[in-house]
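A quick write-up on the structure given underneath.
The values are calculated or read from the model by the stated rules, or taken from the named source; none is laboratory data. Only a predicted model underlies this, so the values are computations on that prediction, with no experimental measurement involved. Quick reminder, even Gly has a Cβ in these numbers, built from the backbone with ideal geometry, and neighbours come from all protein chains shown. Quick note on the areas: whole protein, heavy atoms, side chains included, nothing else; ligands and nucleic acids left out. Shrake-Rupley method; radii C 1.70, N 1.55, O 1.52, S 1.80 Å.
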Amino acid sequence: VRMKDARITYRRRHSYRTKSNKVRPVKTPGGKLVARYITKSAKGPACGDCHKTLQGLKRLRPAQFSRLPKCKRTVARAYGGSRCASCVRDRILRAFIIEEQKIVKQVLMEKLRKSKN
């Protein structure tokens with residue numbers, strides 16, 4: 001009997017062949033074929049800006065991920081566990097440049113005021 005042709009019954013009450021109800025036939029030491037349930041593979045946390053997978057964090061299903069301690073869900077950095085390092089760098093640079101532009105604008109306004117007087 002090939003494993004693909006094996007007719008086995010589900011062991012849980014969910015009776016449809018859906019993504020969440022995948023089974024694999026496994027032979028027990030007693031020689032019986034039983035259904036072994038296959039868990040979904042985890043995608044893992046991704047950056048909210050560029051959608052790349054984040055490094056240094058475990059790839060777990062959402063329920064298991066929420067059960068992890070906080071030190072294993074995040075990275076010790078601003079936006080750690082939410083944004084990747086390059087996106088954080090871009091955010092900091094953007095904020096710095098905007099502040100610099102505001103200062104330059106103020107200086108130019110002061111010069112215009114002095115030139116008018």
Exercise. Identify all residues within the range 56-77 that are in a loop (DSSP other than H, G, I, E, B) and exposed (fewer than 11 other Cβ atoms within 10 Å of the Cβ); write none if there are none.
Key: Pro69, Ala76
Quiz item: In the range 32-42, how many residues are surrounded by 10 or more Cβ atoms within 10 Å (Cβ to Cβ) and either farther than 21 Å from Gln64 by Cα or touching a residue at least 60 places away in the same chain (Cβ under 8 Å) (or both)?
Solution: 3
Quiz item: Somewhere in the range 96-107, is a residue assigned to a helix (DSSP H, G or I), at pLDDT 95 or above and under 23 Å from the mean Cα position of the chain (by Cα)?
Solution: no
Quiz prompt | Pick from the range 78-97, criterion open to solvent by less than 80 Å² (accessible area, probe 1.4 Å) and hydrophobic (A, V, I, L, M, F, W, C), ranking: farthest from Cys47 (Cα to Cα) | solution = Ala95
Quiz item: Among Pro25, Pro45, Pro29, which is open to solvent by less than 50 Å² (accessible area, probe 1.4 Å) and more than 30 Å from Asp90 (Cβ to Cβ)?
Solution: Pro25
